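The values are calculated or read from the model by the stated rules, or taken from the named source; none is laboratory data. Computed from a prediction, not measured in an experiment: that's the story for all the values here. Here the Cβ positions follow ideal geometry from the backbone for every residue, glycine too, while neighbour counts run over all protein chains shown. With ligands, DNA and RNA removed, areas are computed over all heavy atoms of the protein, side chains included. Shrake-Rupley method; radii C 1.70, N 1.55, O 1.52, S 1.80 Å.
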Amino acid sequence: MADASLQVLTAMITPAVLISGAGTLLMSTSSRLGRVTDRVRHLTARFKVLVTPEGQLEPLAREEKRMIVQQLPKLARRSRMIVRAMTALYLAVALLVLTSILIGSAALLDRPPGPAPVLLAIAGAASLAYGALLLSFETRLSARTTREEMQFLVGLGEHYAGLYTERDGKEVARHDSGI
């Protein structure tokens, strides 16, 4: 009898490996959602500055506003992907826990579990895979928006580099005389 009980417990614990993986992904995904939210708030605050009379005088203010407006839809898309991934991961956890419950219940009732635990385990693993795929797509979108922002910053750096010249190891403002 101890052998059968041990087999049941082993079968019940097997989905826990996938549950653990899903839990780890959920924690990192939650953090990603927080970063997207923080980024949107930062861009919103920066945009509010850029539309003020003083902000409009900043070098490349128009280009920065354009970059912000172009990034917001991508951030919204990232947010939706992350929420979908989290939903898939939570679903995976639920299905895998149900798999363990069905295996244990069948053993307690001394009945064969039938195909339900296997089907639930497959659905849980598929949901986990779907969530992971969504996260990989979100990562690529994140990298794209970062590249776009870096391109803007390179342009800003070039703008400022054009305003200054080095003299005796110190940067000094360059005044074009128009000659």
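Counting each DSSP H run of 4 or more residues in the chain as -39500 (n - 2.57), what helix-only mean residue ellipticity at 222 nm follows after dividing by all residues, to the nearest 500 deg cm²/dmol?
-30500 deg cm²/dmol
Please calculate the 1.4 Å probe accessible area of residue 87, with all protein chains present, and give it to the nearest 10 Å².
90 Å²
So how exposed is residue 90, as accessible area in Å² (1.4 Å probe, rounded to 10)?
Here the accessible area works out near 130 Å².
Run the accessible area of the chain with a 1.4 Å probe and give the carbon-and-sulfur part as a rounded percent.
C and S fraction of accessible area: 64 percent.
Identify which of the listed values of Kirkwood radius over Cα pairs in Å was calculated from the structure shown: (i) 20.6; (ii) 18.3; (iii) 17.9.
(i)
Compute the signed sum of charges (Lys and Arg +1, Asp and Glu -1) over the other residues within less than 15 Å, Cβ to Cβ, of residue 131.
+3
Where the only charges are on Cβ atoms (+1 Lys, Arg; -1 Asp, Glu), what is the dipole of segment 96-156 about its Cα centre, to the nearest 20 debye?
Roughly 80 debye, rounded to the nearest 20.
Using +1 at the Cβ of each Lys and Arg and -1 at the Cβ of each Asp and Glu in segment 1-129, identify which of 76, 118, 25 lies farthest towards the dipole's positive end.
Positive-end residue among those listed: 76.
Please report the net charge: other residues with Cβ closer than 15 Å to the Cβ of residue 31, K and R +1, D and E -1.
+2
Give me the accessible area per residue for segment 1-152, probe 1.4 Å, as a whole number in Å².
Result: 61 Å² of accessible area for each residue.
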